[in-house]
Every structure is written in structure tokens, then in C-alpha cells.
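Scroll down for the structure; my scribbles are underneath it.
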Amino acid sequence: DNYDALARRDINTLREVGSDVAEAELGVKFEEVTKAIFELLDLNIDEDLRKEINTAKDKADIIISLSDNDIIIGEAKTCKSGDFAKYSTTSRQVKAYVTRVENLGKRVAQVLIIAPSFSEDFIESAEMDTEINISLLEAKGLKSILDAFKSKRNPNFSPKLLTKGGLLKAELIAKNI
């Protein structure tokens, strides 16, 4: 319920609801909760592949297997104030993951970045990036997708909905579950 507060690193709201997460642990907690949400959406989280591509310096947050060879690389980013705006840093990071995954003979169908919100510059840079396919999803949007999924008797969520590119329209995805 407090996923958006976690994404925004809003320690005060988290403490008000009884969470005793240390501020230094917020980023890791956000990754863990994001991964758990994807699992609740019945997506195939590939921990083995994630561990295989991680290095001491670079650690991918989430690997979602679409098939034996196709994957989505998920990157969960928290941001305390304003919109997430660090495109060049994030881009360099995910491109390194893409290279390592491709060297293992897999195809990266999409890179999915989840953050509380994104700056206009970040959105434009992601849309114009010709090297990798990037989708952006706001944390509150992912939560609304999960809520819609849980509210259905026979939910149908296709991970392909996360591969459209650019800033994803969570309301539309939630409506089509």
C-alpha cells in the first residue's frame, strides 16, 4: 500500500504506517517490493540469470524471462525529490547489462525502468535512444496494474504490455487486464 512512498523515499510516511525501514535500505526495499509485484503478476523472475550477469560493480535489479531466449531487464529507481532525471547514468548502466545478457545468447526484448516519476528530459532521451528499447513505468502505475490484476477473477496480464516503449500508460494497461 505504501509502494509510492517507498519509491519517493518518503521515510516520514513509511514511519507513520509503522514501517521501520532505515533510510539507507529504501533503495533495496524498493527493488525487493518491485520484484514481488512482478511475481504477483505471474511474471517469471529469473534470479539465476540475474546473478550470472551481475558483477561486483554492476547489479541488475530484476530479470523477467519472457521465453527461453527473450528477457526484460527491470531497473527500480527511487528518487527523493522531483522527477527521476539521471538518464545518462541509468542508460550506461542498463546498456552494460544488455551487453552481458546478449553475450550469454539471450535477447533483451525491453529495458523497463520503474521510478516514482520521470523528468521530461529523461522521457525524451529514453524515447530517442536508438541502442536499446526502454519502457518507463511510474511506481504508482505499477501499483494500479497490480490492484487491477488482483481485482479480477481471471486476470490476464501479458508481459508484452511492458514492452511498448516510452512512458507506459498504466491506466490503459490496468484497464486491459
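The values are calculated or read from the model by the stated rules, or taken from the named source; none is laboratory data. None of these values were measured; they are calculated from a predicted model. Here Cβ is always computed from backbone atoms with ideal geometry, including for glycine, and neighbour counts include all displayed protein chains. In case anyone asks, the SASA skips ligands and DNA or RNA and just uses the protein heavy atoms, side chains included. Shrake-Rupley method; radii C 1.70, N 1.55, O 1.52, S 1.80 Å.
Starting from the Kirkwood Rh over alpha-carbon pairs, what translational D in µm² s⁻¹ does the range 137-177 have by Stokes-Einstein at 20 °C and 1.002 mPa s?
My calculation gives 210 µm²/s for D.
Quick one: the Cα spread of the chain along its three principal axes, in angstroms, biggest first?
46, 39, 32
Taking the solvent-accessible surface of protein heavy atoms with a 1.4 Å probe, what is the per residue accessible area of the chain in Å²?
Per residue, the chain has 53 Å² of solvent-accessible surface.
Based on the Cβ-Cβ distance from residue 23 to residue 88, what FRET efficiency comes out when R0 is 41 Å, to the nearest 0.05?
0.95
Under 8 Å for C-alpha pairs, at least 6 residues apart: give me the relative contact order for the chain, rounded to a whole percent.
19 percent
In deg cm²/dmol and to the nearest 500, what is the mean residue ellipticity at 222 nm of the chain if only DSSP H runs of at least 4 residues count, each as -39500 (n - 2.57), divided by the residue total? List each step's numbers first, then the result.
Details: 8 runs with 78 residues, N = 177.
Helices in the chain give a 222 nm mean residue ellipticity of -13000 deg cm²/dmol.
What is the mean projected area of the alpha carbon convex hull for the range 35-84, to one decimal in square nanometres?
Details: hull surface 18.5 nm².
For the Cα atoms of the range 35-84, the hull's average projected area reads 4.6 nm².
Report the convex hull volume per residue for the range 27-111, counting only C-alpha atoms, in Å³.
Once divided by residue count, the hull of the range 27-111 is 102 Å³.
Which trypsin sites (Lys or Arg not before Pro) in the range 1-97 sit in a loop by DSSP (not H, G, I, E or B) and have at most 15 other Cβ atoms within 10 Å of their own Cβ?
Counting only loop positions with at most 15 other Cβ atoms within 10 Å, the trypsin sites (Lys or Arg not before Pro) in the range 1-97 are 57, 59, 80, 86.
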